[in-house]
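The structure appears right after this line, and notes come after that.
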Amino acid sequence: MKRMVTVTTEEIAQYRSELSADIGALAALDVAEDCEGDLEDAAIALALKAGQEPDQSDRWLEGFAKRWRAYICQSGFRQGVGTGAIAKGVQLLAAEMAIPSGLATLVLIYIHKTGVDMFCKPLEEKL
């Protein structure tokens, strides 16, 4: 069963304000809005535009985000995402991991919405 993670129009407006200097992030927010706030659908649409080939339509964003878990869960990075201040995180993730800023935006919003502590927990358990 699909676990839908969504953003409201108000949240999209807040993210637009924070990410106003990033054209890729703003485009991602437009796609999220077109997808009625469904982050999964928006991420798949952006991935296809970026030449990625999502292999599934259910929980693809979760799997995509997990690729960068070790990087995202570093203390400084994690703290910013946890508070919802994602602009700097988008820049860092896009640059460091060479993914479009639009996809980085949706990854970080997804992690913020589902809980950064929950996202990072598997790394802590293995230490």
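The values are calculated or read from the model by the stated rules, or taken from the named source; none is laboratory data. If you're wondering where the values come from, they're calculated on a predicted model, not measured in any experiment. Positions of Cβ are backbone-derived with ideal geometry, glycine not excepted, and every protein chain shown enters the neighbour counts.
A few points about this structure:
- Hits in segment 78-98 (condition: free of Cβ contacts under 8 Å to residues at least 40 places away in the same chain and buried (at least 21 other Cβ atoms within 10 Å of the Cβ)): V81, G89, L93
- All positions within segment 88-126 that are in a loop (DSSP other than H, G, I, E, B) and either charged (D, E, K, R) or over 19 Å from E40 (Cα atoms) (or both): A98
Yes/no per residue for (1) out of contact with any helix residue (DSSP H, G or I) (no Cβ under 8 Å at 6 or more places or on another chain); (2) modelled with pLDDT under 90:
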{"position": "Q79", "(1), (2)": "yes, yes"}
{"position": "G82", "(1), (2)": "no, yes"}
{"position": "I86", "(1), (2)": "no, yes"}
{"position": "L93", "(1), (2)": "no, yes"}
{"position": "A104", "(1), (2)": "no, no"}
{"position": "K113", "(1), (2)": "no, no"}
{"position": "M118", "(1), (2)": "yes, no"}
{"position": "E124", "(1), (2)": "yes, yes"}
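- Condition check for A85 on (1) part of a helix (DSSP H, G or I); (2) under 14 Å from the mean Cα position of the chain (by Cα); (3) within 17 Å of I12 (Cβ to Cβ): one failure, at (1).
- Residue tally, condition in a helix (DSSP H, G or I) and either in contact (Cβ under 8 Å) with a residue 40 or more places away in the chain or not small (G, A, S) (or both), over segment 36-77: 21
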